[in-house]
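Quick note: the coordinates plus some simple rules give every number you see, no bench work behind them. Predicted model only: the values in this text are computed from it and were never measured. Note: ideal-geometry Cβ built from the backbone for every residue, glycine included; neighbour counts use all protein chains shown.
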Amino acid sequence: MSRTRMFFLFLASFAIAGAVTPPAAIARDFGSMNIEEAVPVKDTSGAVLRGYRPEAEVIGNKVYLLYNDEGTIKRAVLDHKLKMVEPPKRLFSATSGGSRVTDIRTAPVKGRLFYAFERVINFEITEKCDTNSLNLGLYAAGKGGSRLLSQGRDVAFGCPLFPMMLHHFNREKVIGTQAVDDPSPIFFNGKYYVLTRFNLADRARVMVFNDAMRKVGEKVLDLKTVFKKRWHLSQNSLVVIKNRVYLIAGISLGPGSRSVIYAIPLTNDLSATAGQAVLLAGRQGEFSTAPKSSRLLNGILFVSYTTDIDQGMVYVEAFDPARNFQSLGRVLVEDQKVGDNHTPIIVLDGKIVAFYETAGRIIATRTIHVGE
């Protein structure tokens, strides 16, 4: 079969204490989802595109695909049929002297390509939290191709992510150290924001940047009202729903425990929570639940997330914000066992398209048809 038809089972909305079944009306409103087979991205010569940790944004009538190519950032341009129309080109990567790019994250900005990324400056683990840095790039995207508008080099520093730190220091020394792993960017009310986390902590750092990619503000987002003892922020993303920024937060419930995903409304400057957090996902037996990407399609929130990084299990799940983020079900996108938790999704011509790394570091797509 060229397409695997998967009807949603309209799952329960999970809570820590139990589960509530969504009303039948949700099923009638939402319909079903179909997911196509994986299609490798091919370059302009017809060869498969190799890379890892992809990111993607739709700008005008093009899809801009960013990916990590052996520690630098490359960008390819695809049309709406996901055929490459511009060959890969190296973008601002801030690499020098043996440093390497790791995580790349993008955010939608009209007519512009905005991305944030982590750079490893020094691979020696220290307590100084100056071995990893946050960097930013802003490109014009249009008929004239991509043009670098501004860049932010080493705009903030951090330690490696906590699993690496715990190999060298005890847990008490690691708790609360700043990290720049998996930065979450967003453009909101004319400002560029980037959120980074603190290792094993219930807070995040929110930085504000101008068009020149210079930092003009920084605050600490306190999440104690949401988190319980021993909980800490995991991978996350930011999305605007009805002119309100939501933090779609992966949350670890403690060592050896399961993890969950919450939707947390934020104030207009992203400096504080602004209402009740809602549990999105948290199924028994699923660990390392880490959201990668959040998009809106026809008022429905779609979130891509891993449930087991070692097994490469990646799902896309739909939630209805109008019904307190009731789950409308999910589909399995990836089970390639490549140990990667970077599967972004985009909205393209009324469909959801997922990009992910397969075996051999081949970047592939799967298109999800909603309500058909």
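Values as computed for the structure displayed
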read-out: Neighbourhood net charge (15 Å Cβ-Cβ; Lys/Arg +1, Asp/Glu -1) for VAL240; value: +3
read-out: Reach of LYS173 by Cα under 18 Å, taken over lysines that are not fewer than 8 positions away in the same chain; value: LYS128, LYS229
read-out: Charge context of ARG214, other residues only, Cβ under 13 angstrom, K/R +1, D/E -1; value: 0
read-out: The chain: calculated mean residue ellipticity at 222 nm from DSSP helix runs of at least 4, using -39500 (n - 2.57); value: -1000 deg cm²/dmol
read-out: Surrounding net charge for ALA107, when Lys and Arg each add one and Asp and Glu each subtract one, Cβ distance under 12 Å; value: +3
